Amino acid sequence: IRRGIHHQSSPLVEEQLDPFSLVADELSLLANRLRSMVIAEVPKLASAAEYFFKLGVEGKRFRPTVLLLMATALNVRLPEPPFNGVGNAPTTELRTRQQCIAEITEMIHVASLLHDDVLDDADTRRGISSLNCVMGNKLAVLAGDFLLSRACVALASLKNTEVVTLLATVVEHLVTGETMQMTTTSEQRYSMDYYMQKTYYKTASLISNSCKAIALLAGHTAEVATTAFEYGKNLGLAFQLIDDVLDFTGTSTSLGKGSLSDIRHGIITAPILFAMEEFPQLRAVVDRGFDNPENVDIALEYL
Ligand code: GRG
């Protein structure tokens with residue numbers, strides 16, 4: 001950021017600071033690889049599974065970008081004395097295996113989006129009609145299952161049991177986070193700890209565990225792998241906090257889905273929890289529920 005401030009007039013520097021442009025070539029390779037990895041035998045399933053891998057509806061590719069940058073950072077190791085000048089260069093094979101983690105992560109992510117839209121009865125995703133809206137709930141669920149299966153096969157091909165366990169556990173975490181959200185009791189609803197735990201499972205676990213997988217594949221120590229995990233965890237939590245703020249401040253066009261969807265579903269996120277700390281009277285408004293749109297407007301006044 002500091003470099004950006006000093007060189008604001010230089011488009012070259014700005015471009016170098018854009019994390020997505022740093023891995024642009026690999027992201028287009030990933031897009032092609034993903035398209036070939038999600039081809040299904042039965043035509044209906046094939047069109048459902050490829051729905052969010054088509055050009056223009058690929059999403060931000062936040063997770064693959066973080067992972068490819070993490071790989072870049074971790075594959076270059078500081079020489080340890082006595083340095084013999086060889087042995088530290090990252091191999092193409094290593095990079096390919098890390099690209100595979102980025103692909104698996106994106107497939108798990110899209111599978112979770114497909115299931116999430118069914119559970120929420122959402123009609124928009126990534127600026128277009130959700131898959132459940134276009135092909136129905138049943139095919140959307142099956143397409144998500146299919147993507148998870150393809151992700152498992154790709155994971156197995158890495159032949160690294162620790163990495164398999166990490167990413168298989170992420171699927172459990174996604175399901176756990178979603179269940180926590182669905183079954184929140186009135187007491188848990190106002191607990192910041194509960195919100196953070198749910199957010200770790202729902203969003204941060206995928207990013208943190210895949211960052212750790214990148215470090216393990218590069219042959220780093222458990223200590224470095226844990227640091228990569230912590231980095232991914234904090235980034236994932238921050239990502240969700242911003243996503244929650246955007247739900248209040250964004251428009252349907254900027255979000256690619258309806259705004260105010262959390263509060264309308266009665267889901268209490270960080271902006272409300274923080275506002276409640278400052279304005280305890282907000283609790284009575286939240287307790288009334290948000291079936292009545294007027295109550296949504298009253299709650300928004302506090303934010
Ligand atoms: C089948 C794996 C699986 C899970 C089932 C439904 C469910 C359990 C989990 C839902 C998890 C979920 C959707 C969490 C929200 C994570 C999140 C912030 C999504 C939005 O990510 P972006 O903004 O989306 O990166 P794009 O579209 O840009 O990829």
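Within the shell defined by Cβ-Cβ distances under 12 Å, the residues around residue 37 carry a net charge of 0, with Lys and Arg each +1 and Asp and Glu each -1. Among 40-53, 200-213, the peptide with the highest mean count of other Cβ atoms within 10 Å heads the list, and the full ranking is 200-213, 40-53. Using the Kirkwood radius built from alpha carbon pairs, what does the Stokes-Einstein equation give as D for the chain at 4 °C and 1.567 mPa s, in µm² per second? For these conditions, the coefficient is 62 µm²/s. Sequence neighbours fewer than 8 away in the same chain don't count; with that in mind, list the lysines whose C-alpha is under 17 Å from residue 159. Straight-distance partners of residue 159: 212. Per residue, the Cα convex hull of segment 219-280 amounts to 125 Å³.
The residue 188 and residue 291 beta-carbon pair, evaluated with R₀ = 25 Å, returns a calculated FRET efficiency of approximately 0.80. Within the straight-line cut-off of under 26 Å between alpha carbons, the lysines reachable from residue 54 are 44, 138, 202, 257, sequence neighbours fewer than 8 places apart in one chain being disregarded.
What is segment 107-210 by shape, rounded, prolate or oblate, if you read a ≥ b ≥ c off the alpha carbon gyration tensor as root eigenvalues and call it rounded for a/c under 1.5, prolate for a/b larger than b/c, and oblate otherwise? Since a/c reaches 1.5 but b/c is at least a/b, the shape of segment 107-210 is classed as oblate.
By its C-alpha gyration tensor, with a ≥ b ≥ c as the square roots of the eigenvalues, how is segment 185-303 shaped: rounded for a/c under 1.5, else prolate for a/b larger than b/c, else oblate? Because a/c hits 1.5 or more and a/b exceeds b/c, segment 185-303 counts as prolate.
None of the figures in this text is laboratory data; all of them are computed from the coordinates on show. Treat the numbers as computed from the prediction; the structure is a model and nothing was measured. Reconstructed Cβ throughout: ideal geometry from the backbone, glycine too, with neighbour counts over all protein chains shown.
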